[in-house]
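Engineer: Here it is: the structure, laid out below.
The values are calculated or read from the model by the stated rules, or taken from the named source; none is laboratory data. Bear in mind that the values here come from a model prediction, so they are computed numbers and not experimental data. Positions of Cβ are generated from backbone atoms using ideal geometry, with glycine treated the same way; all protein chains shown enter the neighbour counts. Quick note on the areas: whole protein, heavy atoms, side chains included, nothing else; ligands and nucleic acids left out. Shrake-Rupley method; radii C 1.70, N 1.55, O 1.52, S 1.80 Å.
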Amino acid sequence: MKDFPYSESKDTRSGFGAGLLELGRTNPNVVALCADLVGSLKMGDFIKEFPERFFQVGIAEANMIGIAAGLTIGGKIPFTGTFANFSTGRVYDQIRQSVAYSGKNVKICASHAGLTLGEDGATHQILEDLGMMKMLPHMTVINPCDFNQTKAATIAIADHEGPVYLRFGRPVVPNFTPADQKFEIGKALLLNEGKDVTILATGHLVWKAILAGKLLEEQGIDAEIINIHTIKPLDTEAILASVRKTGCVVTAEEHNYLGGLGESVARVLAQQLPTPQEFVAVQDTFGESGTPEQLMEKYGLNEQSIVDAVKRVMARKA
């Protein structure tokens, strides 16, 4: 099992803020909009340097999406910012009709996704956003794993023509990907080669998959670990190549098992390579208030849950 050293833990939302600032300096067409959550989205540095390219919409998320769609007509590249719950569930009709339907070049950037916004509680959490957004034609869906990858993804989506949903989070997590690693939309990253089981993880669960891989190694199980940072388009080639070798797969995500990464992988396997699969995800329920650590443990989104899923799926191999 490879080592994945990290010098510090950082929040992925700060990676978004750093990427947005860099874009402001390199791309004059990039503009930013926020729904009264500048501090939470780490947009302050962009606003200080480019105040004329920022629009504070207030608590009016539907208006924000409509304004962003209009700005694209004049050649601007709008990045919208609010919590994932408000970026998707609250404004789904506006995204569908004003952005996705006509393929507008809007970048929907969503913080505080999943359970790990913690004490803000269940009404602010969202566990169905990946499914909602991946079902929209023309929409690209990205869920990076740490600060560096979120910064790189933020920069990369500015060059991608068409609507993008970029999902990131509130808590600090180990920052282990290389700062200079190129972000390729739709290209999965092989983190560790293995022969016994494939672990496909996304977002905050990528680090948990690495920790699980170390625990499995101690038990004589050789796990292949892949970072699926792009949910749509999915890197089916990388997934199939790994599963052909290992013969079983575990998917891990901070999302409802309905509609997320696991279901996308299951569709690919059902069509091309029927394979035993286990899901590490929230089991069709809402969350609740608590610390991120408490919630990830209660809802089975930690390294031990991945280890347990690996043992179950390996027992099902032919």
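Engineer: Exposed loop sites here are GluC sites (Glu not before Pro) in DSSP loop states with at most 11 other C-beta atoms within 10 Å. What is the longest stretch of the chain lacking them? Don't skip to the end; give the middle numbers.
Structural biologist: Values: sites that count: E8, E161.
The reported range is 162-318.
Engineer: Would you mind telling me which residue in A18, A152, A60 has the biggest mean-square fluctuation in a Gaussian network model of the chain, where springs connect alpha carbons within a distance under 10 angstrom?
Structural biologist: Evaluated over the chain, the most mobile residue of the options is A60.
Engineer: Additional query: Springs between alpha-carbon atoms under 10 Å, Gaussian network over the chain: tell me which of A179, A32, A158 tops the mean-square fluctuations.
Structural biologist: A179
Engineer: In degrees between 0 and 90, to the nearest 10, how far off the longest principal axis of the chain does helix 147-157 point, with axes built from Cα atoms?
Structural biologist: With rounding to tens, the tilt is 60 degrees.
Engineer: Given springs between every Cα pair under 10 Å in a Gaussian network model of the chain, which of L216, L41, L205 has the largest fluctuation?
Structural biologist: Top of the fluctuation ranking is L216.
Engineer: Counting heavy atoms of the protein chains only and a 1.4 Å probe, report the per residue accessible area for segment 11-174 as a whole number of Å².
Structural biologist: Details: 5600 Å² over 164 residues.
Using a 1.4 Å probe on heavy atoms only, each residue of segment 11-174 averages 34 Å².
Engineer: Rounded to the nearest 10 degrees, what's the angle between the helix 61-73 long axis and the longest principal axis of the chain, both from Cα atoms, 0 to 90?
Structural biologist: The angle comes out at about 80 degrees.
Engineer: Normalise the Debye intensity by I(0) for segment 11-174, one equal point scatterer per Cα, no solvent, then take log10 at q = 0.12, 0.13, 0.17, 0.21 Å⁻¹ and round to two decimals.
Structural biologist: Ignoring solvent entirely, the Cα scatterers give -0.43, -0.51, -0.92, -1.52.
Engineer: Let me ask something else about it. Can you give the log10 of the normalised intensity I(q)/I(0) at q = 0.09 Å⁻¹, computed with Debye over equal Cα scatterers of segment 189-316?
Structural biologist: Reported log10 I(q)/I(0), two decimals: -0.22.
Engineer: Ordering M132, M64 from largest to smallest accessible area (1.4 angstrom probe), what's the sequence? Each step should come with its number before you reach the end.
Structural biologist: On the way: M132 40, M64 5 Å².
Sorted descending by solvent-accessible area, the residues read M132, M64.
Engineer: Compute the long axis of helix 261-272 from its Cα atoms, compare it with the longest principal axis of the Cα atoms of the chain, and write down the angle in degrees, 0 to 90, nearest 10.
Structural biologist: Between helix and principal axis, roughly 60 degrees.
Engineer: How big is the chain by the Kirkwood estimate over distinct Cα pairs, in Å?
Structural biologist: On the way: mean 1/r = 0.0514 Å⁻¹.
Computed over the chain, the radius equals 19.5 Å.
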